[in-house]
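The values are calculated or read from the model by the stated rules, or taken from the named source; none is laboratory data. Bear in mind the structure is a predicted one, so any value in this text is a computation, not a measurement. Cβ placement follows ideal geometry from the backbone for every residue including glycine, while neighbour counts extend to all protein chains displayed.
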Amino acid sequence: MAMNPPLACCTAPHAHWPLPFTLPGVVLVSNRFDPKALVPDDFVRAGITPPASIQRSVAKRQAEFLAGRLCARTALQQLAAIDHVPAIGEDRAPLWPPGISGSISHGTGWAGAVVARHSDWQGLGLDMETLLGEERATRLAGEILTPAELARMDPAQASLTVTLTFSIKESLFKALYPIVGKRFYFEHAEVMEWDTSGRARMRLLTDLSQRWCHGVEIEGQFGLHDDHLLSLIAIPHRHDAPV
């Protein structure tokens, strides 16, 4: 496929694995972007037509949309030679090609997309967050953590604990929402444990479907990159063994 010319606001997407545990059949692509460098013809040069809602947005939203869709298109090309830019669905989630699971995320100056064949992984959720400062993390803990999570939190690790809990619950929602078709929130899942290797174990606190019900446990992973945290939830096609 022909390469698009370099863009003013984004670096070229590249495939790599910035998380501690590789997953077979999963492709992760990321890039860097700078909203201040966005120029009017970046979308044209990228060969991506922004939806009306993005055209009306501020430069930051336009740049992160463009960067994320570039990553998604590159990931789909590498996974299955599919040239596709996911549109925005009515529920604001990306619309992936038939047979594909995927997720897009963006943090400060970073965007990424993860994709896999649905026959291998039925749900993927990727999230990038900037680490909260200790003071802000302590202040927000009661809004993000369940009572049990609060009781287990080491005050000396408030920044990491609160940021991780927020991020991995975002990833869980992105992975499960396409499967169950039902929205859920921070209080509907609990991070039971995590360790410095990058593993995290979660438990649902609500019934989302007959299969995904209260008490079901799900594993995820996360990695730290300077002042950012990246988390991933991947639900295998055989849903009795979440990763």
So is VAL85 modelled with pLDDT of 95 or more, surrounded by fewer than 23 Cβ atoms within 10 Å (Cβ to Cβ), touching a helix residue (DSSP H, G or I) at 6+ places or on another chain (Cβ under 6 Å) and among the β-branched types (Val, Ile, Thr) or not? yes
Taking only pairs six or more apart or across chains, which ones have beta-carbon atoms under 8 Å, a first residue in region 103-120 that is under 19 Å from GLY89 (Cα atoms) and assigned to a loop (DSSP other than H, G, I, E, B), and a second residue that is of a type outside the set (Phe, Trp, Tyr) and at pLDDT 95 or above? HIS118/GLY99; HIS118/ILE100; HIS118/SER101
Across region 205-223, what is the total count of residues that are free of Cβ contacts under 8 Å to residues at least 60 places away in the same chain and within 17 Å of GLN157 (Cβ to Cβ)? 0
Where residues in region 112-140 are acidic (Asp, Glu) and under 29 Å from ALA72 (Cα atoms), which of them is surrounded by the most Cβ atoms within 10 Å (Cβ to Cβ)? ASP127
Run down LYS174, LYS182 and say which single residue is closer than 28 Å to GLU64 by Cα, assigned to a helix (DSSP H, G or I) and of a type in the set (D, E, K, R). LYS174
Residues being farther than 21 Å from GLY102 by Cα and touching a residue at least 12 places away in the same chain (Cβ under 8 Å): count how many of those fall in region 27-41. 6
Which one is farthest from GLY220 (Cα to Cα) among residues in region 20-69 that are in a loop (DSSP other than H, G, I, E, B) and acidic (Asp, Glu)? ASP41
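Matching residues to (1) part of a loop (DSSP other than H, G, I, E, B); (2) in the same structural domain as THR108 (by TED's automatic domain parsing); (3) free of Cβ contacts under 8 Å to residues at least 12 places away in the same chain; (4) surrounded by fewer than 23 Cβ atoms within 10 Å (Cβ to Cβ):
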| site | (1), (2), (3), (4) |
| --- | --- |
| GLY142 | no, no, yes, yes |
| GLU187 | no, no, no, yes |
| ARG203 | no, no, no, yes |
| LEU230 | no, no, no, no |
Name the residue that is farthest from the chain's Cα centre (by Cα), counting only residues in region 210-227 that are acidic (Asp, Glu) and modelled with pLDDT of 95 or more. GLU217
Checklist (1) surrounded by fewer than 21 Cβ atoms within 10 Å (Cβ to Cβ); (2) touching a residue at least 40 places away in the same chain (Cβ under 8 Å); (3) among the aromatic types (Phe, Trp, Tyr) applied to TRP17, failing item: (2)
Yes or no: region 42-64 includes at least one residue that is in contact with a helix residue (DSSP H, G or I) (Cβ under 9 Å, 6 or more places away or on another chain) and either touching a residue at least 60 places away in the same chain (Cβ under 8 Å) or outside the structural domain of ALA81 (by TED's automatic domain parsing) (or both). no
